[in-house]
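Below is one structure; the comments refer to it alone.
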Amino acid sequence: MNAIYASDLRLPFERQGLPALQVEALGYHYGDKPALQQVGFEVYPGQFTLLLGPNGAGKTTLFSLLTRLFQSRSGSIRIAGYDLAREGTRALAHLGVVFQQSTLDMDLSVEQNLRYHASLHGLSRRDADVRILEELSRQTMYERRREKVRALNGGHRRRVEIARALLHQPRVLLLDEPTVGLDLPSRKALVDYAHQLAHEQRIAVLWTTHLIDEVHADDHLVILHRGRVQACGTVGQVLATTGCPDVGTAFQQLTGEQQR
Amino acid sequence: MTPLRYLRALGGIMLRELFRFVHQRERFISALVRPLVWLFIFAAGFRSTLGVAIIPPYETYILYEVYITPGLIGMIQLFNGMQSSLSMVYDREMGSMKTLLISPLPRGYLLVCKLLAGVLVSLLQAYAFLVIAGLSGVDIPLSGYISVLPALILSGLMLGGLGLLMSSFIKQLENFAGVMNFVIFPLFFLSTALYPLWKMEESSPWLHGLAGINPFSQAVEMIRFALYGQVNPYAIAYTTVAMLIFVVAAIVGYNPSRGMMQRKTGAP
């Protein structure tokens, strides 16, 4: 199933070995209340990074900034080497997003939803056909492309949303608490699939969650608490610096929150 | 980004709006029934009370049904503009507005695409109404069906722009009922849709003044003239300026750094 592999053409940031997502000294305020302060981290191609933080840590604010729904005056965000504030449309072209709340049109079919997204990214009809076939078959959803989204269960809707986020072959994939509301098998399948995307397709994945059991041993972590990055690095590094035996204890120590 | 990509996005957004429109059959029917009720019941009853003198673009005495037909087309587009605005607020609450706004195209362009898609839907509604009105005896010249098209596009853009602007500062769906009372009704009743300006002057110079500056009046007058293949330059200019003001203000309203998106999408 070989398609238009635009991804074979490497972007400048890839040739230079730069991170796919780079956040530097990012700050954001709601009125006088700081929501994020001096947030900085990087995600390289092929890395699966978990953004962990208790509720109210600033994850949603950070997510809104990364997707340009909000704009900050302090700090910078670079996606695939493009500055989000100055070269917004170029940066967004390399970004795939799965929001926490489903954003599919319930009354349209799976295929109509995907076509709409493909057109927003300027894909031709033929390219859209090929990409829809690829992304849906990879998650065994192609047979169900003519069904209305309303007829699908939560796990299958998530699959469609991930297929949609990948249609335009982004270098960075953001997922905001994507497992919320899913049953255990669907959750595990989703976590595994996202890891596979990072490792096999060299996509830089940033996955926000407050669930510790979604961490794999070779993942990278960014732990956010009260709007600041408390720890950042591979699971091994975070455990070494905190001197904790497992991620759960480290998370608890850094955030003072009970693990769930 | 090539022009082709821009066109594809426009096509996709229009197609989605059409799909949604087709799925909401009730919306189409109510959009059609509302003006027909006015035409067949209100106008028929009102016919004898209101004598319409010969005023341009009409060349003879006309029936009241003929007089209010352009106003009812305006009403269709007014309601459609508010409906689009409602669906944008709904989209924002449901999150599908986000998928639009994170597309790699300038935000202003995406909003204009949304606006055009709404205009397309309003054209379908307006023509369905015109055909029914024509068949039921409202005298419209055949060429009028074509000459009215540019006017309908412009008025659709203006009223859609107003809806877009409102959607940029309406925070929640619940606030929407107020919109009916404070926007749709004043715009409609304080306009030339139901009675000519000179008639209002007889009753109150105040109302006359307000109806004159009401952009909806000008849109209706523009449609009225266009239906008879005539041009009303003042109405066209007025509608165009109003449209530009609404659209630019709406785009500013949706700008992430200074606009109201921040407050609306809210803190976590």
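The values are calculated or read from the model by the stated rules, or taken from the named source; none is laboratory data. Just so it is clear, the structure is predicted and the values come from calculations on it, not from any experiment. Positions of Cβ are backbone-derived with ideal geometry, glycine not excepted, and every protein chain shown enters the neighbour counts. When the accessible area is computed, the model is the full protein with side chains, heavy atoms only, and any ligands, DNA or RNA have been set aside. Shrake-Rupley method; radii C 1.70, N 1.55, O 1.52, S 1.80 Å.
Exactly one of these conditions fails for B:Gly137: (1) open to solvent by 10 Å² or more (accessible area, probe 1.4 Å); (2) within 18 Å of the chain's Cα centre (by Cα). Give me its number.
Only one criterion is unmet by B:Gly137, namely (2).
Quickly run through region B:43-62 and pick out the residues that are open to solvent by 50 Å² or more (accessible area, probe 1.4 Å) and touching a residue at least 24 places away in the same chain (Cβ under 8 Å).
Within region B:43-62, just B:Pro56 meets the criteria.
Which residue is nearest to the other protein chains (Cβ to nearest Cβ), if the candidates are limited to region A:82-122 and must be open to solvent by less than 30 Å² (accessible area, probe 1.4 Å), over 17 Å from the mean Cα position of the chain (by Cα) and over 25 Å from A:Ala151 (Cβ atoms)?
Filtering region A:82-122 for residues that are open to solvent by less than 30 Å² (accessible area, probe 1.4 Å), over 17 Å from the mean Cα position of the chain (by Cα) and over 25 Å from A:Ala151 (Cβ atoms), the one nearest to the other protein chains (Cβ to nearest Cβ) comes out as A:Gly122.
One residue is enough: does region A:85-105 have a residue meeting the conditions in contact with a Gly (Cβ under 6 Å, 6 or more places away or on another chain), in contact (Cβ under 8 Å) with a residue 60 or more places away in the chain, closer than 24 Å to A:Glu177 by Cα and hydrophobic (A, V, I, L, M, F, W, C)?
Yes; the residues of region A:85-105 include at least one that is in contact with a Gly (Cβ under 6 Å, 6 or more places away or on another chain), in contact (Cβ under 8 Å) with a residue 60 or more places away in the chain, closer than 24 Å to A:Glu177 by Cα and hydrophobic (A, V, I, L, M, F, W, C).
Taking the criterion of being small (Gly, Ala, Ser) and surrounded by fewer than 19 Cβ atoms within 10 Å (Cβ to Cβ), would at least one residue in region A:42-57 satisfy it?
yes
Within region A:12-41, can you find the residues that are open to solvent by 30 Å² or more (accessible area, probe 1.4 Å) and within 11 Å of another protein chain (Cβ to nearest Cβ)?
A:His29, A:Tyr30, A:Gly31, A:Lys33, listed by residue number.
Please identify the pairs in which a residue from region A:14-29 that is under 24 Å from A:Arg73 (Cα atoms) has its Cβ atom under 6 Å from the Cβ atom of a residue that is among the aromatic types (Phe, Trp, Tyr), counting only partners at least 6 apart or on another chain.
Final answer for the pair search is A:Pro19/A:Tyr44; A:Val23/A:Phe41.
Keeping to region A:219-260, report how many residues are of a type in the set (Asp, Glu), touching a residue at least 24 places away in the same chain (Cβ under 8 Å) and more than 19 Å from A:Pro178 (Cβ to Cβ).
Number of matching residues: 1.
Residue-wise test of (1) in contact with a helix residue (DSSP H, G or I) (Cβ under 8 Å, 6 or more places away or on another chain); (2) more than 14 Å from chain A (Cβ to nearest Cβ); (3) in a helix (DSSP H, G or I); (4) under 17 Å from B:Lys114 (Cα atoms).
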site: B:Glu17; (1), (2), (3), (4): yes, no, yes, yes
site: B:Ile29; (1), (2), (3), (4): no, yes, yes, no
site: B:Val33; (1), (2), (3), (4): no, yes, yes, no
site: B:Gly45; (1), (2), (3), (4): no, yes, yes, no
site: B:Ile62; (1), (2), (3), (4): no, yes, no, no
site: B:Val66; (1), (2), (3), (4): no, yes, yes, no
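Does region B:125-134 contain at least one residue that is more than 25 Å from B:Gln83 (Cα to Cα) and β-branched (Val, Ile, Thr)?
no
Cβ-Cβ distance below 6 Å, separation of 6 or more or different chains: which pairs start in region A:41-65 with a residue that is farther than 14 Å from A:Gln100 by Cβ and end on one that is open to solvent by 10 Å² or more (accessible area, probe 1.4 Å) and part of a strand (DSSP E or B)?
A:Phe41/A:Cys232; A:Glu42/A:Gln22; A:Gln47/A:His220; A:Thr49/A:His220; A:Ala57/A:His225; A:Gly58/A:Ala35
Working only within region A:153-186, note down all residues that are in contact (Cβ under 8 Å) with a residue 40 or more places away in the chain, assigned to a helix (DSSP H, G or I) and among the basic types (Lys, Arg).
Listed by number, the residues that qualify are A:Arg157, A:Arg158, A:Arg164.
When residues of region B:105-116 are filtered for being in contact with a Ser or Thr (Cβ under 7 Å, 6 or more places away or on another chain) and either surrounded by fewer than 21 Cβ atoms within 10 Å (Cβ to Cβ) or part of a helix (DSSP H, G or I) (or both), how many remain?
Qualifying residue count for the region: 2.
Filter region B:113-149 down to the residues that are β-branched (Val, Ile, Thr) and touching a residue at least 40 places away in the same chain (Cβ under 8 Å), then identify the one that is nearest to B:Phe225 (Cα to Cα).
B:Val148
Would you pick out the residues in region B:88-104 that are touching a residue at least 60 places away in the same chain (Cβ under 8 Å) and of a type outside the set (A, V, I, L, M)?
Those that are touching a residue at least 60 places away in the same chain (Cβ under 8 Å) and of a type outside the set (A, V, I, L, M): B:Tyr90, B:Arg92, B:Glu93, B:Ser103, B:Pro104.
Looking at (1) small (Gly, Ala, Ser); (2) at the interface with chain B (Cβ under 10 Å from one of its Cβ atoms); (3) crowded, with 22+ Cβ neighbours inside 10 Å, which one does A:Ala163 not meet, given that it meets all the others?
For A:Ala163, the failing item is (2).
May I ask you to verify whether B:Ile153 is at pLDDT below 95, surrounded by fewer than 20 Cβ atoms within 10 Å (Cβ to Cβ) and away from chain A (no Cβ under 14 Å)?
no
Scan the helices (runs of 4 or more DSSP H) fully inside region B:187-237 and keep the ones with 3 or more residues being crowded, with 20+ Cβ neighbours inside 10 Å.
B:215-227
Residues of region A:58-81 being assigned to a helix (DSSP H, G or I) and more than 8 Å from chain B (Cβ to nearest Cβ), which ones?
Correct list: A:Leu62, A:Phe63, A:Leu65, A:Leu66.
Return the residues of region A:132-156 that are within 14 Å of another protein chain (Cβ to nearest Cβ), within 18 Å of B:Thr99 (Cβ to Cβ) and surrounded by fewer than 22 Cβ atoms within 10 Å (Cβ to Cβ); say none if nothing qualifies.
Answer for region A:132-156, where residues must be within 14 Å of another protein chain (Cβ to nearest Cβ), within 18 Å of B:Thr99 (Cβ to Cβ) and surrounded by fewer than 22 Cβ atoms within 10 Å (Cβ to Cβ): A:Lys148, A:Val149, A:Arg150.
Listed here are the residues, each with its yes/no results for (1) part of a helix (DSSP H, G or I); (2) in contact with a His (Cβ under 7 Å, 6 or more places away or on another chain); (3) within 26 Å of A:Leu167 (Cα to Cα); (4) not acidic (Asp, Glu).
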| position | (1), (2), (3), (4) |
| --- | --- |
| B:Glu93 | yes, no, yes, no |
| B:Ser103 | no, yes, yes, yes |
| B:Val119 | yes, no, no, yes |
| B:Ser122 | yes, no, no, yes |
| B:Gly134 | yes, no, no, yes |
| B:Ile146 | yes, no, no, yes |
| B:Ser155 | yes, no, no, yes |
| B:Leu162 | yes, no, no, yes |
| B:Ser167 | yes, no, no, yes |
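From (1) part of a helix (DSSP H, G or I); (2) open to solvent by 30 Å² or more (accessible area, probe 1.4 Å); (3) over 22 Å from B:Ser217 (Cα atoms), pick out the condition that doesn't hold for B:Phe79.
For B:Phe79, the failing item is (3).
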